[in-house]
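Novice: Got a structure here, written out as structure tokens. Questions coming.
The values are calculated or read from the model by the stated rules, or taken from the named source; none is laboratory data. Keep in mind that what you see is a predicted model, and the values were worked out from it rather than measured. Neighbour counts run over all protein chains shown; Cβ positions are idealised from the backbone, glycine included.
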Amino acid sequence: MCMEWLNYHHLRYFWTVAKEGNLARAAEKLHVSQPSISEQVHELEDALGEKLFRREGRNNKLTDTGQMVFGYADEIFALGRELVSAVKQRPSEKTLRFYVGVADSFPKLVTNEILKPVFAMSHPIHVICREGKMDDLLAQLAAHRLDLVLSDEAASSSVNFKVFNHRLQETATTFCAEPKLAAKLKRGFPKSLNEAPALLPSDNTILRRALENWFREQKVQPRVVAEFEDLALMKVMAAEGRGFIAVPSIATNDAVAHYGFRIIGHAAKCRVQYHAITAERRIAHPAVALVLRSQVGKAGTDA
């Protein structure tokens, strides 16, 4: 059957049922009755000449044709969200909104370094930073609620949408502490870190794993006083002399300036990579392009 037009209202109802798994949840999501949804899905099936669902218990499972239609519908509605976003962000005198997701393990001082060029744009810019777990941030990226995600790990190839990993910088690590403790630990570094009080990132982070490997290579075992998911809190406590910390070398100057730290020593072989993650977009956000362009030539280097 050759269709000259497609009822997108019917397509959205079908798409919602497919995403939610059954009519009840779809009806709740769309604020309409189940019979209304069922009727419109049947009209779409009649128009296409194919069954899109089969019943399995209380759930609706997609047929092979339904899977294909769902894939197209996903792209159609993603493009619709992109269209609305592009219209709202088109060059004009209005402020350009830039939604950035920051993985909770990503150092804030590094975030600041990466976003500096954005704030220097000639066009008025409004940056919205959202911090969270990687999976949640990627879901927001897929739904066009984020333009860019900053992370210390690349997105997995198993994500269910087209994603691009852009390697930004690779940095060594610098050990810092408040002046009195730093002066003590600087003598005999790195052996001086053995049994020294340490404030470390939590053990599920890339930096923590890199540090543990480096400690083993150096045959030192610091005395861990506290572990942190919030790296900003870690720096606040380190400023009070509770232990030494490890910071990305590219952010050392800012850490020293903001918290009054002194440098204990550098670990050239304790390295962490940073990534910008984007989704496929037909219209590129100018701030995304600027961030990626400003990082060209910095990958693999330390500031």
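Novice: Output the number of residues of the range 132-153 satisfying the condition of being surrounded by fewer than 16 Cβ atoms within 10 Å (Cβ to Cβ) and either closer than 15 Å to T205 by Cα or basic (K, R) (or both).
Specialist: Final tally of qualifying residues: 3.
Residue by residue, here is whether (1) surrounded by 14 or more Cβ atoms within 10 Å (Cβ to Cβ); (2) out of contact with any helix residue (DSSP H, G or I) (no Cβ under 7 Å at 6 or more places or on another chain); (3) in a helix (DSSP H, G or I) holds:
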position: L211; (1), (2), (3): yes, yes, yes
position: W214; (1), (2), (3): yes, yes, yes
position: E217; (1), (2), (3): no, yes, yes
position: L233; (1), (2), (3): no, yes, yes
position: R242; (1), (2), (3): yes, yes, no
position: I245; (1), (2), (3): yes, no, no
position: T252; (1), (2), (3): yes, yes, yes
position: V256; (1), (2), (3): yes, yes, yes
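Novice: Next question. Identify, please: which residue in the range 258-287 is at pLDDT 90 or above and of a type in the set (D, E, K, R) and is, among those, surrounded by the fewest Cβ atoms within 10 Å (Cβ to Cβ)?
Specialist: Per the stated criteria, the residue is K269.
Novice: Would the range 112-127 turn up any residue that is buried (at least 20 other Cβ atoms within 10 Å of the Cβ) and within 10 Å of the chain's Cα centre (by Cα)?
Specialist: No, that holds for no residue.
Novice: Follow-up question, since we're still on this one. Looking at the range 191-209, which of its residues are assigned to a helix (DSSP H, G or I) and surrounded by 15 or more Cβ atoms within 10 Å (Cβ to Cβ)?
Specialist: Once the filter is applied, which keeps residues that are assigned to a helix (DSSP H, G or I) and surrounded by 15 or more Cβ atoms within 10 Å (Cβ to Cβ), the range 191-209 yields S192, L193, I206, L207, R208.
Novice: If a residue has to be over 13 Å from Q218 (Cβ atoms) and without any contact (Cβ under 8 Å) to a residue 12 or more places away in the chain to count, how many in the range 176-205 make the cut?
Specialist: Counting residues in the range 176-205 that are over 13 Å from Q218 (Cβ atoms) and without any contact (Cβ under 8 Å) to a residue 12 or more places away in the chain gives 2.
Novice: Between residues in the range 131-160 that are touching a residue at least 60 places away in the same chain (Cβ under 8 Å) and outside the structural domain of P201 (by TED's automatic domain parsing) and residues that are small (G, A, S) and surrounded by fewer than 17 Cβ atoms within 10 Å (Cβ to Cβ), which pairs lie under 9 Å by C-beta distance while being six or more apart or on different chains?
Specialist: From residues that are touching a residue at least 60 places away in the same chain (Cβ under 8 Å) and outside the structural domain of P201 (by TED's automatic domain parsing), the pairs are L138/S156.
Novice: Do we find that A196 is farther than 19 Å from T252 by Cα, among the small types (G, A, S) and not assigned by TED's automatic domain parsing to the domain that holds V224 in this structure?
Specialist: no
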